[in-house]
Amino acid sequence: RNMPVAAAGGVALGLVIPTVDAGLLTALTGVVGFLLAIAAATLNQYDGDITQIDAVIVLLAVVIVLSTSVSAVPGSGGSPLVPEKTPKTVDASLTTADQRIEVLGSIDLSPQVRFTVDSPRPSYWRTGAYNRYTGDGWVRTGETQSYQGQLALPPGSSQSVRQTIQTRQPMSILPAAWKPITIEGPVASQATVTTQGGLIPRTSLSADTEYTVTSRLPLWTPAQLRRAGTAYPAEIDETYREVPADTGNRVTQRTNQIIANASADTPYDAAIAVERYLEANKQYSLSVSKPDGNVAESFLFEMDAGYCVYYASTMAVMLRTQGIPTRFVTGYTPGQRIDSNTHVVRGLNSHAWVEVYFPDTGWVRFDPTPAAERRSTENSRLSEARQQNTEGVDLNGSTPTPTPNPGDDTPESGDSADDTGTTQTPAGQSTTTSAGTATNGDSTDAVAQTPGIGVRSS
């Protein structure tokens, strides 16, 4: 009788752990209970007595010891059951091919070069998008499909840009500017497409792997987004507006207050208001204690500081309480530009941000993490690594810091800059580009999304 019951329980546990519906305590309790049930049945079958319980105790001890080094879900890249003494790096926790992102506590930055990008314009190099918020992390739902050629274009006007990426370390991701349309090179046969429109490889890429992605960068103006309305497609409406049932009403109330104070009467203005509120009222820090319960709610009301995962999660949840479709996105900021086209991207450039959906435009990036504080932390970590002669930190031309291109050293009003002083035009301002043009009649002043913190144009 015990064996079928234990088997049924084991199967159930095997289903809920990978789908992240079972936490650490549930998983460990289930494993221990499973072993006890088998032990009880075995002792009963062979007329064992209490003196043989020592064998069961030894077995349980082995399970607990292994849990200090084995991930809860094999191959998931998840944290060990007993936390490691050394904080995990941001990119190790964010920029993987995993279907789940767990919010962690204190974390570190890796200064090592992950990949280089040859592209005529900098971008956020996107690696994944997640639609389901669990309260302590994010999950990407839906099935991946094999890459079969050109992917769907973004709605509305867009601009074409090609990027050639070369890995410098083994990676299980395919970084690219949003929105990727085609991928070329040997990895194309191994590429899969997620439900959210991103690219991930079937197997890890080795160092020095090269591939080329053509992306279409959405073009838009603030005026277009303000009049975009809320006629969301059914699949967007159903997938990107849900919040956990235990999300407190105070999150909705605080968001309502922020939006009212900003006189924001469109989803676009609401997004800007929430983005600016988090930037202004929370400090950037990698040394935090992970809160119990709903992370976004805790960050909004109980925490003074956090890093990108906390900012992005909180902004996404706040906007969802207003019925605005959002998703949590991971990847890398542009990195260090060492010539007109080449960008060196390190582990410390790993980042998380928010994408908000607008009808007739698609997904638009917002980044509530304070840029200056983030860059200061990254630069300090990079300087420290160089002083310690850490391997893999620089390539030819990336040290100490290349001379900025003319005009790059002084950002214009409202602009932000990457760690090399490269000017980044805020979305919504006009700029002259050499690749692509707007295609609809009212996009004369529209620009493709460029790196920066949110949208600064009124």
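The magnitude of the dipole of segment 252-305, with charges of +1 and -1 set on the Cβ of Lys/Arg and Asp/Glu and taken from the Cα centre, is near 60 debye.
Its relative contact order, with pairs defined as Cα atoms under 8 Å and 6+ residues apart, puts segment 269-365 at 22 percent. Accessible area per residue for segment 146-257 is 45 Å², calculated with a 1.4 Å probe on protein heavy atoms, without ligands, DNA or RNA.
Return the carbon/sulfur percentage of the accessible area of segment 217-350, one whole number, probe 1.4 Å, all protein chains in place.
41 percent
The spacing between segment 332-380 and segment 263-300, judged by their C-alpha centroids, is 17 Å. Packing order of peptides 364-373, 351-360, highest average first: 351-360, 364-373 (average count of other Cβ atoms within 10 Å over each peptide's residues).
Over segment 335-405, Cα pairs under 8 Å with separation of 6+ residues give a relative contact order of 31 percent.
The values are calculated or read from the model by the stated rules, or taken from the named source; none is laboratory data. Just so it is clear, the structure is predicted and the values come from calculations on it, not from any experiment. As a convention, Cβ positions derive from the backbone with ideal geometry for all residues, glycine included, and neighbour counts pool all protein chains shown. Protein only, heavy atoms only, side chains kept; ligands, DNA and RNA dropped before computing areas. Shrake-Rupley method; radii C 1.70, N 1.55, O 1.52, S 1.80 Å.
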